[in-house]
Structures are given as structure tokens and as C-alpha cells.
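The values are calculated or read from the model by the stated rules, or taken from the named source; none is laboratory data. Note that the structure is a prediction, hence the values are computed from the model and not measured. Backbone-built Cβ (ideal geometry, glycine too); neighbour counts: all protein chains shown.
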Amino acid sequence: MSVDILTERKRKSLRLFGLLVVLAAASIVVTQYDIGKGFTSLVKAFVWGLSNFYPSGASLSKLPDILKKLWETFLISIASTVSASPFALFLAFMGSRTTRAHGALTAAARGIGSFFRNMPLVAWAMILMLAFSQSSLTGFLALFLGSFGFLVRAFMEVLDEVDPGLIEALKAAGAPYYSIIFRVVLPASAPQIVSWLLFMIETNIRDATLVGFLTGTGIGFAFDVYYKSFNYHAASLVVIVTVVLVIALETGSNAIRRVIL
Amino acid sequence: MWATVAALAAITAYGLFTLDSNGVNIPDAIGETLRNFRTIFLHPESRRLSAGAAAWELLLTVAQAILITLFSGLVSLGLGLLGARNLAPKPLTQAIKAVIAVVRAIPSILWVLIFAVAAGLGSTAAVLGLSMHSIGYLTKAYAESFESLDYGVVEALQAVGANWWQIVFQAVLPSSSTYLLSWTFLRFEMNFTNVVAMGAAAGAAGIGFDLFMASSLYFDLGELGLITYFVLAFAILLEIVAIRVKAVLKER
Amino acid sequence: MAVLEIHNLTKYYKAHLALDDVSLKLRSGEIVAVIGRSGAGKTTLLRCVNRMIEPSSGRIEFEGVDIRRLGRSALREYRTHIGMIFQHFNLVPRQTVMENVLNGRLGHKSTLAGIAGIYSADEHSMARSVLEQLDLADQAEKRCDQLSGGQKQRVGIARALVQEPRLILCDEPIASLDPRSAKAIMDYLFRISRKMDISILINLHQVDVAIKYADRIVGIREGCVVFDGDPKNLKKRKVAEIYGCDVDDIHFEDSTGGDAMFN
């Protein structure tokens, strides 16, 4: 009897494994992916990287320019996140189970949130560029819209987790809706909200690089320029300062989280 | 906490104030963008790209996302086991975590371009470059899943004389499989978006490249709308599946 | 014949002395209970025996072999002869009872067979008979996270038994169980030891339980053995010394009594 159970379990694992193999095979066929080329490129890229992709003395003279671009990216990441957050918070209040005012409003809020979250960042960038041309403003707006979508969901989950007992208690005491929100819900969830803000900023630094690459601004553009002019030493310097900034932000955010959470 | 919020607000104010709009007349641009939105979302059209072709391009994008997810998942499984504090010696776990943090900190577009030097711009470079970032993410997630396991179970199997491989396959993986699967699926969603992005930015095959062509080359708003709808529909579908998957896994 | 002999075992955690020159012997089929306050070194002592914790100095002999000299694979082989039972059971929650019991055989298997979870018919029938002995036969296909605490501990015992051990180490096996299940578990352990001639070294919190079931009691205080002898000779005054409290605070009757549950 128990022998059957074991084989059943093993059959399940095998089925999952088989499914993954089929998926991989199908994907390789569909994309006509050349595995051989993939692996040789992998090796080639590492060999090339070690022999060419490091900063040289000459590239250090570009450092002030690079840092200026990095500063631009840093500002845009924070500005887009922070300015998107009040709008996201408002929508999250509409959509959250604990704080919602009206059923239809909730559905609408969740729908809007889902739309903005699933709309790819590049699509925003491409569409905005048509009118705003290549500028920092375009990058800011694209990140603003992308952050808005992500934050709506994150904030909604935070608000959902606020103890409904707290709200019930105040409702029972006859407190009006807005005072419940400002006196109870917001203070109870503020640390998590700030934590998500910090997370969004970290993510936006990376995404800003991509958007900058498309919109010709910030650190992404700096990389593009050096890369296309085969100045790989300077390009590697861009990578290094980006890594330093991202890791510094991560470390800083974690330190702040330890204090506030 | 309020100090953090105040600091962020101050940086934001400064950032907005110094934002370079490149001489664009902002009200005009907003008006134009809104008009564009109307065309894009209300009048999607297929001119160069038929709906069937768009579906194929979408499939191509998904297939690349699957390849990236499976390849990086496999590598991350190994690295995650070696990077988990309760399963590997400390110097090794610290080394892996440090390398992984750097790999993760490099934006995926830069990874793709670095690989493009060796492989040329296109799908090969995109798959390899995005895999790097995906490995950075999944290794961290997997290692943390393993670390959250009850150490007693590992200890119990050590006490019966089981070796490392047996402990991994009989205790660690069965206990953490649901976490691994939901992290992997989450990453698949991200990889899909990333492949779209690399199509637009680094010439990877798929719907992202069409997006780029429609907007930057042809300025074809109708087609841009069609493509956007395809991507959006698939992303929402993935999100719904992800919620289902999570619910099912939670039950098991 | 002595199954286990410990000579002058000492364990330091950095500067902290956890075990101080501990010596004790365990004869075949004997049940020895180790009592003492939490932090006295009971768990460290137990874990030094199968080298889950590395001793700082001293000799540990299992059937005449100095186990401190064993290399990695010899240590694994040695551990297969020793069962271990934990306070928190330490079962794989998402595996079935049967799978958890068979995990006890892993040390006897090749790496590959262990990875794939391939067990022989003999091993299956052995696991089934062990489950029957522990009155778990009808639970074999249940997942372990659906069992009660007492049932989980029985699975833990079953996992130890399929190892065909000559010694079982029990680390506070009943500390997280209700009194009824605790008594049942102690009865199972007692019967197993007598019937199969398996020695048991058991850490216990409750003095009355130790007195009722053990052939010998070892009292540990701050890493030192302060009592080693027949339960009959364990007087209130000694217990007070082991636990570092007043004689008046000791609530059990010398040698005979115990609380109602354990009679």
C-alpha cells in the first residue's frame, strides 16, 4: 500500500520534471535558440570581460561626468517613487478590503492598479517619448507610472493586513471614516509603507538605467555612449559606480528597515 | 522613520526642480500624450503586423522568458544550496552571497549589452544577460527559503548517518518546494517583462522589438496600441495564474 | 558489557565550560536518564555522543571504538547504529509517515538510492512492522504535518528503530507533549529497550519520570556529574542540589511516588 504512495509521489515529481524538459525543448525550437552559441558566447563574454572590461587610468578622467549622470539617475529614481506614492496610497485605500468605502470603487481601484502594474515600463517610455522627446522628464514620467502601478499593489497588501479589529473598535465607538484612516490605519501601516518605498527606489535605480538608455538620459545613456564608441574602460566604470550605488542603497534601506520595522 | 520620509521628500523636491525637460512645452506635450493614449487604447489597428503575427511574436517572447527562467533556476538551485547558511560552510555562503549581490546590482540592460559584445545584439545576448540578473535574484530567494527551514530536520537526518546529497533531496527540497516554485513563477513574470524591454532596447526577438519599431520607426500609434494590448493581456493573465498557483501551493 | 563508555569528556564553547570532565558508562539494554536544569549541559552531553557537537577533549567509546577518531564517512557509518529522538520531533512535515520512517534508512543506502528514495522490499516491510509496533500502521500514508504531537514522536521513534540501532539518544522526548502522550511515549521507549535490548540515554526534565523508567540516573549541574546511581538512592536533598533549589521546593516522593499520571 505504502509502496504505491511512494511511486505516486515519484510519478508526480517525474511528471513535473518531464513538463519542464518539454517546455525547455519547445522554447528552444520556437526561438531557434542556438545552445552551442549560447555557451561559447558565455565563455567568450567572460574572457573578453576579464581582458577588456575594467577601468583604465584614462577612463578615470570621465569619472566626474559619470558621477553627474549617476546623480541624475539617483534623483529621478527617488523623485518618481516619492511623487507616485500619494496617488498610489489613495488608490490603495480605495481598493483595500479593510478601508474600502464602496464595492464598485474597490473593483475600479483594483482594475486601475492592475492596468498600471502590468503595463511594461518600456511601453510607457516609448509612448511618452512621442510627445516629450528624449528628456529626463520622459524618464521621470515613465518611472512615475511604473512605480505607481507597483506601489498600488504593495500598499494594498499592507493595508489588507491592518488588523480589522482595530477599525471595528473605532467604528463601534462611532468614529468617522477619515479619522479612522488618519488615526489608526495610516500609523499602523506607515513602517511597511516606507519599507516598500525604499524597495521601489532600489528597483527604480536599475529600471532608470533601462529607461535612460531609451530616453537618452542619466547613467543608462552614459553607458550607451561609451559602449557605442567602444570605450569599454569607461563603460566598465559606469557599471562599477552603478553597482556601488545600488549596493549602498540596499545597505542603507536595510539599516533604515531595522530601525523602523 | 519620519526623518527618512522628510529626506526623501526633500530629494524629490530638488529632483523635480532640477529636472531637465529638454525645452519641451509641457502642457502641449501632456495634451499630445493624452491624444496619443486615446489613439493607442481606443483605436488599436494592425497594419504591418497581423494579429496572428503579433501572437507569434508574443510566443517568441514567452519562450525566451521560459528559457531564461529554467536556465537560471537550475543554476540558482545549485548556488542557493551552496549559499544557504544551514547547508554549506560559512566562507562559501558569504562568498556566494557577495558575488550574487554584485550580479544583482548590475541593471539587466547592462548585462545584455556586455554579452552583446561577444554574441552580437539579439536573442542570444538577451537570454544570457537576463539570465545573469535572474540568477542573482533566484539564488538569493532560494537560499533564503532554505535558510528558513527548520534546522532540526537537517539535524535529524545527519543523526541517522545520511550524507549531504541525501539530506538535500529527502529533507531540504521536499520541504521547500512550494517556496521555490512560487519564487520561480514570480521571476518568470519578471523575465517576461524584461524580455519585452530587451526587445525594445537591445534588439532581442519578440514583441518588444515590434513595440520599438512601431513607436520609434513608424510612429504608428494604432499598431503600438495593438502590441500594448497583447503584452498587457498576457501580463494580466500571468498575474491571475500566479495568484491561482499561490493558492494551490498554499493548500498543499 | 558496556555499549558506551565516556571518559573525562570536556566541552568548551569558546571560554564557556559546558561539560567538565564527565565520565559515564552505559550497559547493553540499560536505560540511563540524565537530569539537570536547562543549560546544565544535558543536550551537549547527548550530542557529543554522536558528534553532532564536537567534544573538546576526552574519550568516547562505542563498543570499544574511539569515536572521536572517526573520519567523515566512518562517522556517518557509526551514526547509523545510534538512533536519535528530538524534543521537536524533527520530521519532514511535507513527507508521509512512511517516508519519514524510511528516512531512518538513509545512512544504510548509496547516495543515489537515497536521493531517489528507492527502498528495498525488505526495508518497506521492516518499516511497516515498526509502525505496527508503535500502533501507527493506519497512519502510514498521512502527511506528518497532520499528526498530533504524540503521533509525531512515535514516528520519530519509528525512524530511529528502522536504523536497527544499538543505542538510542533521546533529547527531552516528552518536553513538548501533554501528560497522556508523554506517558505513552515513555512506555513505548521502555518496552522497546527491554524487548530489543537497546540501550537508551535520555535527557529528562521531570525527575519523577526519570525515577519511574530509568535503570540509572545521572544528575548534571553546571557541566559536572553530581550524581550517578540507582534511582532508589536519589534523595530529595540530592535533587535539590542538582537543580540548585530548596529541598522544600522538590515535589516528589523519594523512590516510590510520582504524580498520578505516571503511576
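Taken over segment B:28-55, the residue count meeting the criterion of being among the aromatic types (Phe, Trp, Tyr) and either facing chain A (nearest Cβ under 9 Å) or over 29 Å from the mean Cα position of the chain (by Cα) (or both) is 1. Counting just the residues of segment B:12-48 that are of a type in the set (Ser, Thr, Tyr) and outside any helix (DSSP H, G or I), which one comes out surrounded by the fewest Cβ atoms within 10 Å (Cβ to Cβ)? The qualifying residue surrounded by the fewest Cβ atoms within 10 Å (Cβ to Cβ) is B:Thr18.
Considered as a group, the residues in segment C:119-146 that are of a type outside the set (Phe, Trp, Tyr), more than 21 Å from the chain's Cα centre (by Cα) and assigned to a loop (DSSP other than H, G, I, E, B) include one that is nearest to C:Leu189 (Cα to Cα), and that residue is C:Ala140. Tallying residues that are facing chain A (nearest Cβ under 7 Å), at pLDDT 90 or above and surrounded by fewer than 21 Cβ atoms within 10 Å (Cβ to Cβ) within segment B:90-119 yields 2. Kindly indicate whether any position in segment C:150-171 is over 20 Å from B:Gly161 (Cβ atoms) and in contact with an Asp or Glu (Cβ under 8 Å, 6 or more places away or on another chain). The answer is yes; a qualifying residue exists.
Scan segment C:155-200 for residues that are farther than 20 Å from C:Asp215 by Cα, away from every other protein chain (no Cβ under 12 Å) and among the basic types (Lys, Arg) and the total you get is 1.
Quick check on segment B:169-178. Is at least one of its residues at positive phi and either outside any helix (DSSP H, G or I) or touching a Gly at 6+ places or on another chain (Cβ under 9 Å) (or both)? Looking through segment B:169-178, none of the residues is at positive phi and either outside any helix (DSSP H, G or I) or touching a Gly at 6+ places or on another chain (Cβ under 9 Å) (or both). Scan segment B:188-207 and tell me whether some residue there is touching an Asp or Glu at 6+ places or on another chain (Cβ under 6 Å) and either buried (at least 24 other Cβ atoms within 10 Å of the Cβ) or in contact (Cβ under 8 Å) with a residue 60 or more places away in the chain (or both). Yes: one or more hits. Restricting attention to segment A:53-76, the residues that are surrounded by 15 or more Cβ atoms within 10 Å (Cβ to Cβ) and within 14 Å of chain B (Cβ to nearest Cβ) total 10. Only one residue in B:Gly161, B:Gly225 is assigned to a loop (DSSP other than H, G, I, E, B) and touching a helix residue (DSSP H, G or I) at 6+ places or on another chain (Cβ under 6 Å), so which one is that? Exactly one residue qualifies, and that residue is B:Gly161.
Looking only at segment C:33-55, count every residue that is surrounded by 18 or more Cβ atoms within 10 Å (Cβ to Cβ) and farther than 24 Å from B:Leu157 by Cα and tell me the total. Looking only at that region, the number is 3. Determine whether C:Ser73 is free of Cβ contacts under 8 Å to residues at least 24 places away in the same chain and in the same structural domain as C:Ile157 (by TED's automatic domain parsing). So C:Ser73 does not fit the description; no. The set of residues from segment B:158-168 being surrounded by fewer than 18 Cβ atoms within 10 Å (Cβ to Cβ) and either touching a Pro at 6+ places or on another chain (Cβ under 9 Å) or at the interface with another protein chain (Cβ under 8 Å from one of its Cβ atoms) (or both) comprises just one member, B:Trp165.
Listed by position, the strands (runs of 3 or more DSSP E) contained in segment C:24-106 that have at least 2 residues being within 23 Å of B:Gly152 (Cα to Cα) and at the interface with chain B (Cβ under 9 Å from one of its Cβ atoms) are C:82-85.
From A:Ala45, A:Ala84, A:Ala79, grab the single residue that is among the small types (Gly, Ala, Ser), more than 21 Å from A:Tyr232 (Cα to Cα) and at the interface with chain B (Cβ under 7 Å from one of its Cβ atoms). That would be A:Ala79, the only listed residue that is among the small types (Gly, Ala, Ser), more than 21 Å from A:Tyr232 (Cα to Cα) and at the interface with chain B (Cβ under 7 Å from one of its Cβ atoms).
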